[in-house]
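> Submitted below is the structure of interest, expressed as structure tokens.
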Amino acid sequence: MDRRRFLEGTSSAAGAAALGTVLSSQATGRLANDRVTVCVMGVRGRGGSLLTTFASLPDVDIKYVCDLDEDVLNSRVAQVEAKRGRKPQAIKDYRTALDDKSVDAIISGCPDHWHALPTIHACQAGKDVYVEKPDGHNVIEGRTMVAAARKYERVTQMGTQGRSGLHHLRAIDYIASGKLGKVRFAKAWESSRQGAVGPVPDSEPPSTVDYNRWLGPAPLRPFNRFRFHGHWRWFFDYGTGDLGNDGVHRLDMARWALETAVEAQGEKIPKIPRAVSAHGGKYYFDDMQEFPDTLMVTYDYPGYVLTYEMRIWNRYPLHGESEGSVVYGDAGYVVIGNRGWRAFDERGKEVLSEKGGDNSIGHARNFIDCMRSREKCRADLETVGHPSSLLCHLGNAAWRAGRTLKFDPQTYTIRDDADANQFLVRSQYRKPWVLPEIAQL
């Protein structure tokens, strides 16, 4: 298949037929053998951790490591070789792995603006996908990722590892017992201190980096080291701010806890809030970053409220947690953090606590196991990853629009506010990195 036509990404019957030759064993729920062959892409930061995690699973073969920075790529290839005793192939173009019928899955730790296209193309090529959070760079990208996974019947997992955290699961079990009474409110927060982002002047990109490909669908801009490694997330072109960076973990947990508590009382909460409002701005850092450093988002559901609070310029905790989630009832409340959870009665007396930790290995294992069973993963894109990412994208959209937004889940537009729809999708995708159109099933 012509690579340019593939990247421009139509989902025509002819294209699907050409890609369908790799679907045989996976579509029926069987892998070619008892091992899983993967490509891990975007391996500098979080992607480097993913590479280490999947390389730790004995039934996973890392056939390809993909990155656009030669220095990072060579270092990670050597890392896998030292750990596994076999050198993976170093590639800069993930489509090489998509063309390889022996590859079962793509593991993506790329920046947010490179979440959607590899996920969609992998689904079209018959590969399962583990992609870091949030699901995409914007609302419509996330929806298209879900449509691709559904159409091509792919197993997907988003990197909200809390969904596999053992202490998180036990906290949810406690909430499901109904001990909190009548629940109407949940909260998520971030108060882990971040640093200033520049400013520094533009410069030439490093000679080891394919900067044009790194930009991908984003506008062509001069290189700036504070818009690149480690800092891209603070800019509209590439990231989703701290709301989509760390906030998605807290909101996912708060949403999960609220839904569980509501179900325990025999009720049901919609997946999508009826209104989203956001207030805040750059009140602390005088630097290059475009997203707010101080933010309060309110998600209004019929009969329930979920809030998100962000202060990335201090370390003052809430409920003893610098970043966490809480669900409140009239008979008690539960606080969930990264390293444990605690339950309290209606007077604020602690009645139960448990320490815990990261379970990235368990989250990766869940993905591999679901590849075999063809069951939905714990952070499946359609049922978990996209709904939680949508909260982040809508919060950012409400802040950028400067007003309350009412999102229509049927049309994926903002009701009675056509101007605000500009914040739901990138205004223009730079060719050839164009977002495909995939029919919603």
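> Go through region 388-422 and give me each residue that's under 22 Å from GLY241 (Cα atoms), of a type outside the set (Gly, Ala, Ser) and surrounded by fewer than 21 Cβ atoms within 10 Å (Cβ to Cβ).
Within region 388-422, ARG400, ARG403, THR404, LYS406, TYR412, THR413, ASP419, ASN421, GLN422 qualify.
> Could you grab the pairs with beta carbons closer than 6 Å, sequence gap of 6+ or different chains, first residue in region 259-276 and part of a loop (DSSP other than H, G, I, E, B), second one surrounded by fewer than 17 Cβ atoms within 10 Å (Cβ to Cβ) and not small (Gly, Ala, Ser)?
Partner pairs satisfying both residue conditions: ILE272/PRO409; PRO273/ASP300; ARG274/ASP300.
> Moving to a separate point now. Quick one: how many residues across region 304-328 are aliphatic (A, V, I, L, M) and over 27 Å from ASP286 (Cα atoms)?
4
> Still on this structure, I have one more. Output the qualifying pairs, or none if there are none: Cβ atoms under 6 angstrom, residues six or more apart or on different chains, first residue in region 356-374 and closer than 16 Å to VAL36 by Cα, second residue surrounded by fewer than 17 Cβ atoms within 10 Å (Cβ to Cβ).
Every condition considered, the pairs that remain are ARG374/GLY29.
> Now a separate question. Would you please name the residue that is surrounded by the fewest Cβ atoms within 10 Å (Cβ to Cβ), looking only at residues in region 76-115 that are hydroxyl-bearing (Ser, Thr, Tyr) and within 25 Å of the chain's Cα centre (by Cα)?
In this case the residue turns out to be THR96.
> Here is a follow-up. Within region 185-199, how many residues are charged (D, E, K, R) and surrounded by fewer than 16 Cβ atoms within 10 Å (Cβ to Cβ)?
Number of matching residues: 1.
> Here is a further query. Given the conditions (1) part of a strand (DSSP E or B); (2) under 25 Å from LEU391 (Cβ atoms), and given that PHE367 satisfies all but one, which numbered condition is not satisfied?
Unmet condition: (1).
> Considering region 29-82 alone, what residues qualify as being in a loop (DSSP other than H, G, I, E, B) and of a type in the set (Ser, Thr, Tyr)?
Across region 29-82, the qualifying residue is only SER56.
> With respect to the numbered conditions (1) small (Gly, Ala, Ser); (2) under 19 Å from the mean Cα position of the chain (by Cα); (3) modelled with pLDDT of 95 or more, which one is the sole condition not fulfilled by GLY230?
(3)
> While we're on this one: Could you grab the pairs with beta carbons closer than 6 Å, sequence gap of 6+ or different chains, first residue in region 308-336 and closer than 14 Å to LEU180 by Cβ, second one surrounded by fewer than 24 Cβ atoms within 10 Å (Cβ to Cβ) and of a type in the set (Phe, Trp, Tyr)?
The qualifying pairs are TYR328/PHE185; GLY332/PHE344; TYR333/PHE344.
> Further question: If we keep just the residues of region 277-304 that are hydrophobic (A, V, I, L, M, F, W, C) and out of contact with any Pro (no Cβ under 9 Å at 6 or more places or on another chain), which is nearest to PHE235 (Cα to Cα)?
Checked region 277-304; the qualifying residue nearest to PHE235 (Cα to Cα) is PHE291.
> Also: Please indicate, with yes or no, whether at least one residue in region 138-145 is over 18 Å from SER388 (Cα atoms) and modelled with pLDDT of 95 or more. If you could, list the steps in order and put the result at the bottom.
Of all residues in region 138-145, those over 18 Å from SER388 (Cα atoms) come to none.
No, because not a single residue in region 138-145 is over 18 Å from SER388 (Cα atoms) and modelled with pLDDT of 95 or more.
> Take region 164-192 and flag every residue that is touching a residue at least 60 places away in the same chain (Cβ under 8 Å), among the charged types (D, E, K, R) and part of a helix (DSSP H, G or I).
ARG170
> While we're here: Taking CYS370 and the conditions (1) assigned by TED's automatic domain parsing to the domain that holds ASN245; (2) closer than 30 Å to SER164 by Cβ; (3) surrounded by 15 or more Cβ atoms within 10 Å (Cβ to Cβ), which numbered condition does it fall short on, given that it satisfies the others?
Status for CYS370: all satisfied but (1).
> Which one of these is farther than 24 Å from HIS393 by Cβ and assigned to a loop (DSSP other than H, G, I, E, B): GLY239, GLY195, GLY230?
Checking each option against the conditions leaves just GLY195.
> Now a separate question. State yes or no: is GLU375 outside any loop (DSSP other than H, G, I, E, B), acidic (Asp, Glu) and more than 23 Å from GLY281 (Cβ to Cβ)?
no
This table checks each residue for (1) touching a Leu at 6+ places or on another chain (Cβ under 6 Å); (2) loosely packed, with under 13 Cβ neighbours inside 10 Å; (3) charged (D, E, K, R).
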site	(1), (2), (3)
LEU318	no, no, no
GLU323	no, no, yes
VAL326	no, no, no
ASP330	no, yes, yes
TYR333	no, no, no
ILE336	no, no, no
ARG342	no, no, yes
ASP345	no, no, yes
GLY348	no, yes, no
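> Could you pull out the residue among ASP237, ASP202 that is more than 30 Å from TRP341 (Cβ to Cβ), exposed (fewer than 15 other Cβ atoms within 10 Å of the Cβ) and at pLDDT 95 or above?
Every option except ASP202 fails the conditions.
> Would you point out which residue out of ARG372, ARG378 is farther than 21 Å from GLY241 by Cα, basic (Lys, Arg) and under 16 Å from the mean Cα position of the chain (by Cα)?
After applying the criteria, what remains is ARG378.
> Just name the residue that is nearest to GLY303 (Cα to Cα) out of those in region 164-192 that are under 21 Å from the mean Cα position of the chain (by Cα) and of a type in the set (D, E, K, R).
Only one residue fits best here, namely LYS187.
The values are calculated or read from the model by the stated rules, or taken from the named source; none is laboratory data. The model shown is predicted, which means the values in this text are computed figures rather than measured ones. Neighbour counts run over all protein chains shown; Cβ positions are idealised from the backbone, glycine included.
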